[in-house]
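Notes follow once the structure below has been shown.
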Amino acid sequence: MGQSSSSLGPPSSEDYGQEISRSCRFSFRSSSSSSSSKEEGEIFNLKSGGFDGGGSSGFGFDYTSNLPDECLALIFQSLGAGDRKRCSLVCKRWFRVDGQNRYRLSLNAKSEILTFLPSLLARFDSVTKLALRCDRKSISVNDDSLILISIRCPNLSRVKLRGCREITDLGMEFFAQNSKSLKKFSCGSCMFGAKAMNALLTHCKALEELSVKRLRGIHEGSELIGEGMAASSLRSVCLKELMNGQVFQPLIVGAKKLTTLKLIRCVGDWDRVLEKIGNGNTGFVEIHLERLQVSDLGLSGISKCSNLEVLRIVKTPECTNYGLVCIAEHCSQLRKLHIDAWRTNRIGDEGLIAVAKQCLNLQELVLIGVNPTSLGLTAVASNCQKLERLALCGSGSVGDAEIACIAAKCLALKKLCIKGCPISDVGIETLAWGCPNLAKIKVKKCRGVSGGIAEWLRERRESLIVNWDDGLDKPLVDASVSSSHTGAQEMGMVLHQTVRRGTDASTAAASSSSSSGSNGPLTMFRTKIGVFAYRNLVQCAFSRYPSDDNRSSNRNL
């Protein structure tokens with residue numbers, strides 16, 4: 001009815017082309033018009049399913065040819081790695097545009113790549129960020145490959161080397177001479193040593209961030225590493241797992257614009273280095289000390305950095321209250337303080353009271369393995385009115401009284417993490433009326449806290465996100481569900497009721513199983529879950545609160 005005869009038969013090639021144009025980005029013309037558009041762009045062949053430059057029957061015009069290369073490059077940059085690779089295979093133009101506008105490149109740095117490097121670097125001639133990684137079982141690229149890269153990619157600004165054990169001091173020297181624009185350099189598990197570092201700091205005048213991890217060429221008897229020409233630009237130094245990292249002392253002390261220093265699991269005594277920091281370079285803003293041989297002498301040297309804002313002291317058992325008092329008295333601008341005392345009981349109320357009196361701008365405090373009492377926490381809560389993030393982990397002295405003190409006096413607190421502390425529901429209930437700005441609370445591995453308190457607290461404060469985990473089973477309570485997810489809320493309420501009803505039964509079952517010495521599959525599973533959960537006490541404490549003042553990004557390329 002009212003239809004032409006042509007619509008009743010099988011679709012013609014023209015109709016098929018129009019149908020495809022409705023579901024794809026390309027518009028297809030009939031064979032009569034395709035021959036006149038050969039010079040306007042590349043053509044999609046319906047028969048072969050690829051792009052071609054011909055104009056035979058079944059061809060159509062590619063309107064993406066009207067897009068400038070710059071616009072096409074911006075589209076490619078918003079794609080993921082896999083999608084971008086597939087797009088580069090669509091046609092020759094996309095292949096060329098992708099190569100000319102790819103600024104980040106990561107290569108499997110095996111020795112076999114040398115034969116392909118010329119063609120790779122010819123295609124990706126605009127690379128500014130390069131990562132070379134080689135696994136332990138393979139032979140890595142050597143000096144020839146690194147020198148070729150430095151010649152073909154003169155605009156490199158970030159370079160990361162991992163497991164490139166065949167690169168020597170000589171190759172690094174030539175690389176440094178050709179990489180005048182280098183700003184960030186990171187190396188790990190390589191064999192070159194102090195000569196390579198000195199060459200890098202001498203020739204790369206724009207170097208801002210330096211990260212060195214497990215550098216095998218640095219050992220006893222190595223030459224000292226000075227600041228070189230990079231002294232005027234270097235901002236951050238990170239040293240990890242070095243056998244003789246003290247050879248970097250001239251660099252750390254002499255680079256006057258250095259603001260960030262991270263020393264992690266480096267062997268040897270670091271007190272002398274940190275003491276000279278206070279005498280030579282007092283402009284540090286952020287200092288991380290983790291698993292180091294450092295005592296109060298080192299902390300007293302750091303205390304001379306009056307502009308210090310971020311300090312992390314992790315598993316340094318020789319540090320005591322005295323060193324923390326020195327930091328507090330001279331570093332009044334401190335905003336973030338992380339202390340992992342490793343349960344040595346050498347840092348406690350005395351150090352916290354000094355911090356509370358002097359560091360009034362403190363915004364973040366993380367205490368792991370520290371045993372403060374209500375005396376120290378009262379001082380922090382009363383004086384540090386800007387405190388927004390607080391974590392108490394593995395503290396045997398933090399109970400309901402300390403939580404009540406926090407609830408009453410930490411008015412600006414937004415994030416609270418309590419882990420492995422002897423608190424109960426009574427302490428958590430005090431948070432229902434205190435801390436008016438509290439947005440999120442995490443309670444983990446606190447045996448005295450029941451699951452029902454999370455639901456009760458959420459009902460009292462609807463905007464508060466409550467996460468609870470007793471550390472025995474999979475977390476049953478997550479009160480962060482929004483009001484729109486009513487089904488999930490109902491399920492959560494059922495779970496809470498089940499937990500509360502079955503408390504006595506589960507306790508009896510646990511006691512009977514322990515008395516009988518049962519090692520069933522469920523017990524084994526719970527034990528494994530507990531072990532894995534214990535590994536990081538505060539890893540996720542502030543994961544959803546991105547820091548607005550991260551100054552260091554040397555680990556990201």
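Results, tabulated for the structure shown:
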quantity	calculated
Gap separating the Cα centres of segment 125-151 and segment 163-222, nearest whole Å	13
DSSP-defined antiparallel bridges as percent of all bridges, segment 106-268, nearest 5	5
Inter-probe distance in nm under a simple model that places probes 7 Å from Cα toward Cβ, at ARG96 and GLN333	5.2
Probe 1.4 Å, all protein chains present, accessible-area order of TYR103, TYR322, largest first	TYR322, TYR103
Computed label-point distance, nm, for sites LYS180 and SER138 using a 7 Å Cα→Cβ extension	3.4
Computed accessible area, PHE192, all protein chains, 1.4 angstrom probe, square angstrom	0
Solvent-accessible area of TRP94 with every protein chain in place, 1.4 Å probe, in Å² to the nearest 10	30
Which listed pairs, of LYS262/LYS315; LYS129/LYS180; LYS240/LYS442; LYS129/LYS240; LYS184/LYS257, have C-alpha distances above 20 Å, in listed order	LYS240/LYS442; LYS129/LYS240
Zone residues, segment 240-261, relative to ASN279, backbone N less than 20 Å from point 7 Å out along Cα-to-Cβ	245-258
Sequence-distant residues sharing a close amide H with GLN293 (under 5 Å, placed H)	GLY268, TRP270
Förster radius 25 Å - calculated FRET efficiency between LEU67 and TYR103, Cβ distance, rounded to 0.05	0.80
Mean accessible surface per residue for segment 388-471, computed with a 1.4 Å probe while every protein chain stays in place, in Å²	34
Calculated from backbone phi, Karplus (6.51, -1.76, 1.60) coupling profile of segment 335-352 in Hz, x at Gly/Pro	10, 10, 9, 10, 10, 10, 7, 6, 6, 8, 6, 9, 10, x, 4, 4, x, 5
Between segment 58-97 and segment 368-382, the alpha-carbon center distance in angstrom	59
Using θ = phi - 60° and Karplus 6.51 cos²θ - 1.76 cosθ + 1.60, couplings along segment 459-469 (whole Hz; Gly, Pro as x)	5, 6, 10, 5, 7, 7, 8, 10, 10, 10, 8
Hz values of 3J(HN,Hα) by residue in segment 281-298 - Karplus curve (6.51, -1.76, 1.60), Gly and Pro given as x	10, 9, x, 5, 10, 9, 9, 10, 10, 9, 6, 10, 8, 10, 10, 5, 4, x
Computed accessible area, LYS304, all protein chains, 1.4 angstrom probe, square angstrom	100
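The values are calculated or read from the model by the stated rules, or taken from the named source; none is laboratory data. Remember, predicted model here, so these are calculated numbers, not experimental data. Reconstructed Cβ throughout: ideal geometry from the backbone, glycine too, with neighbour counts over all protein chains shown. Surface accessibility is based on the protein's heavy atoms, side chains included, excluding ligands, DNA and RNA. Shrake-Rupley method; radii C 1.70, N 1.55, O 1.52, S 1.80 Å.
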